[in-house]
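As structure tokens, the structure follows; a few thoughts come after it.
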Amino acid sequence: MDIVILAVVIAVVVLGALGGLVVGSRRKKQLPPPPPAAPDITAPPAEPHVGDEAETPRDEPRRTIEEVDLPDGSAPAAVEEPPVVEELPPAGIEVPEPTTGRLVRLRARLSRSQNALGKGLLTLLSREHLDDDTWEEIEDTLLTADVGVMPTQELVDSLRERVKVLGTRTPQELRGLLREELLKLVGTDLDRTVRTEPEDRKPGIVMVVGVNGTGKTTTTGKLARVLVADGNTVVLGAADTFRAAAADQLQTWGERVGAHTVRGPEAGDPASVAFDAVKEGKELGSDVVLIDTAGRLHTKTGLMDELGKVKRVVEKHAPLDEVLLVLDATTGQNGLVQARVFAEVVDITGIVLTKLDGTAKGGIVIAVQRELGVPVKLIGLGEGPDDLAPFEPEAFVDALIGE
């Protein structure tokens, strides 16, 4: 009996083992194939972190100063210059046109308005036969242009002699001949500098004189613009206390370029205003003091004596560096009479010719210089604020005879 029970247990164990083997073989057959290996992908660089998320700094190798290659000094490193900031003028202050640019524009205007004289002379000189009648016409042309009697005679005599020697007369030869003779009369060796920079003191003192209606106050204002454009500081003295609104006019010119104006009461003492202007110019350390005097009638002895008083009072401070006589270029011979009287009262050192545009009477330059023995230093060619420029003989003559 025991043997039978033992046989049954062994049989059950054997059957259980065989069943486990069968189930295991079936599971092995149903398992899926292993997934393919994933490709290697480079991860993007990590974004930098700040604050609590920041990584702990890693120790990296550092180089000492002995290990770093420094420049040997042969090629210094370029240093970027800071940008230059231009200093702008205060609000309401104008920047006058530089003298160079003004001269270019005025030459063109002078050429358009003055070359009638030169064209007339060249036309006469180009005639096939230069008889006495032709030379008389040349004389008349020069006299009409206010060259003056003596300068005209000198020019005609010299032209006749040179044309006779020259023989052939091409237009280019005639133009060169006329240019040389006119330059002799105008004068290229005269000192035409407006003296505003005395060596031993400061400021330079300039007095402007002239007859009513010549544009004297306007010329003073324009001259202030020329001086400011050249880098000078200017004080204006409104010593014309007789003409209504003259001081207001001059002050307006000064305010436009930042020049200080000294003025007195209407109908006050002009010599006192001139004295105060020079005094303030010294106190302010200005470069130039411009004194605008009242327009004088050259036939009125009392007024001319007053002008002499202004000059004497100013010279209690320092000598005058310039006395500029303003003449209207259209007045012709009458302007020469005015010039003679002014020269007797104050020592004229230079001439300013205004209203030289729109007229063929450019010969007044020659006549007034011959009459006074002083040079034309400035010319005015229009109503614009910058239509005043230094006088250049070569440019003037070229404009007279045309290019």
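The set of residues in region 168-218 being touching a Gly at 6+ places or on another chain (Cβ under 8 Å) and at positive phi consists of 210, 213, 215.
For region 342-384, filtering for residues that are modelled with pLDDT of 85 or more and part of a loop (DSSP other than H, G, I, E, B) leaves 7.
Specify the residue that is farthest from residue 218 (Cα to Cα); the eligible residues are those in region 313-330 that are part of a helix (DSSP H, G or I) and open to solvent by less than 50 Å² (accessible area, probe 1.4 Å). Checked region 313-330; the qualifying residue farthest from residue 218 (Cα to Cα) is 313. Taken over region 120-161, the residue count meeting the criterion of being among the charged types (D, E, K, R) and farther than 24 Å from residue 369 by Cβ is 7.
Whenever a residue of region 227-247 is closer than 18 Å to residue 322 by Cβ, its partners that are open to solvent by 30 Å² or more (accessible area, probe 1.4 Å) and modelled with pLDDT under 90, lying with C-beta atoms within less than 6 angstrom and at least six residues away or across chains, give the pairs 229/98. The lone criterion from (1) of a type in the set (A, V, I, L, M, F, W, C); (2) closer than 15 Å to residue 120 by Cβ; (3) out of contact with any Leu (no Cβ under 8 Å at 6 or more places or on another chain) left unmet by residue 174 is number (3). In the set (1) open to solvent by less than 50 Å² (accessible area, probe 1.4 Å); (2) closer than 28 Å to residue 368 by Cα; (3) not charged (D, E, K, R), the condition left unmet by residue 261 is number (2). Among the residues of region 246-289, just one is in contact with a Phe, Trp or Tyr (Cβ under 9 Å, 6 or more places away or on another chain), under 24 Å from residue 93 (Cβ atoms) and outside any strand (DSSP E or B), namely 259. When both residues are 6+ apart or on different chains and their Cβ atoms are under 9 Å apart, which pairs have a first residue that lies in region 210-221 and is in a loop (DSSP other than H, G, I, E, B), and a second that is among the hydroxyl-bearing types (Ser, Thr, Tyr)? Qualifying pairs under 9 Å: 211/331; 214/331; 214/354; 215/354. Candidates are the residues of region 272-299 that are crowded, with 23+ Cβ neighbours inside 10 Å and of a type in the set (Gly, Ala, Ser); the one that is nearest to the chain's Cα centre (by Cα) is 281. Every listed requirement among (1) part of a helix (DSSP H, G or I); (2) in contact with a Phe, Trp or Tyr (Cβ under 9 Å, 6 or more places away or on another chain) is met by residue 176 save one, (2). Residue 401: closer than 20 Å to residue 141 by Cα, surrounded by fewer than 24 Cβ atoms within 10 Å (Cβ to Cβ) and out of contact with any Ser or Thr (no Cβ under 6 Å at 6 or more places or on another chain), yes or no? When the stated conditions are applied, residue 401 passes them. Please go through region 210-230 and give me each residue that is surrounded by 22 or more Cβ atoms within 10 Å (Cβ to Cβ) and more than 20 Å from the chain's Cα centre (by Cα), ordered by number. Within region 210-230, 210, 211, 214, 216, 217 qualify.
Within region 199-209, being at pLDDT 90 or above and either open to solvent by 10 Å² or more (accessible area, probe 1.4 Å) or outside any loop (DSSP other than H, G, I, E, B) (or both) holds for 204, 205, 206, 207, 208, 209. I'd like to check something: does region 333-341 contain any residue that is assigned to a loop (DSSP other than H, G, I, E, B) and open to solvent by less than 40 Å² (accessible area, probe 1.4 Å)? Looking for residues that are assigned to a loop (DSSP other than H, G, I, E, B) and open to solvent by less than 40 Å² (accessible area, probe 1.4 Å), one finds none in region 333-341, hence no.
Go through 178, 155, 190, 183 for me and flag whichever is modelled with pLDDT under 90 and of a type in the set (A, V, I, L, M, F, W, C). On inspection, the qualifying residue turns out to be 178.
Mind checking whether some residue in region 300-312 is assigned to a strand (DSSP E or B) and either open to solvent by 10 Å² or more (accessible area, probe 1.4 Å) or at pLDDT 85 or above (or both)?
Checked against the condition, which is being assigned to a strand (DSSP E or B) and either open to solvent by 10 Å² or more (accessible area, probe 1.4 Å) or at pLDDT 85 or above (or both), region 300-312 yields no hits at all.
Do you know which residues across region 248-258 are on the phi < 0 side of the Ramachandran plot and either touching a residue at least 40 places away in the same chain (Cβ under 8 Å) or open to solvent by 10 Å² or more (accessible area, probe 1.4 Å) (or both)? Selection gives 248, 249, 250, 251, 252, 253, 255, 256, 257.
So is residue 242 closer than 17 Å to residue 206 by Cβ, open to solvent by 60 Å² or more (accessible area, probe 1.4 Å) and among the hydrophobic types (A, V, I, L, M, F, W, C) or not? In short, no.
Taking the criterion of being touching a helix residue (DSSP H, G or I) at 6+ places or on another chain (Cβ under 7 Å) and not basic (Lys, Arg), the residues of region 259-283 that qualify are 259, 260, 261, 262, 264, 270, 271, 274, 275, 278.
The values are calculated or read from the model by the stated rules, or taken from the named source; none is laboratory data. Everything quoted here is computed from the prediction, not taken from an experiment. FYI the Cβ positions are ideal-geometry reconstructions off the backbone, even for glycines, and counts take in every protein chain you see. Quick note on the areas: whole protein, heavy atoms, side chains included, nothing else; ligands and nucleic acids left out. Shrake-Rupley method; radii C 1.70, N 1.55, O 1.52, S 1.80 Å.
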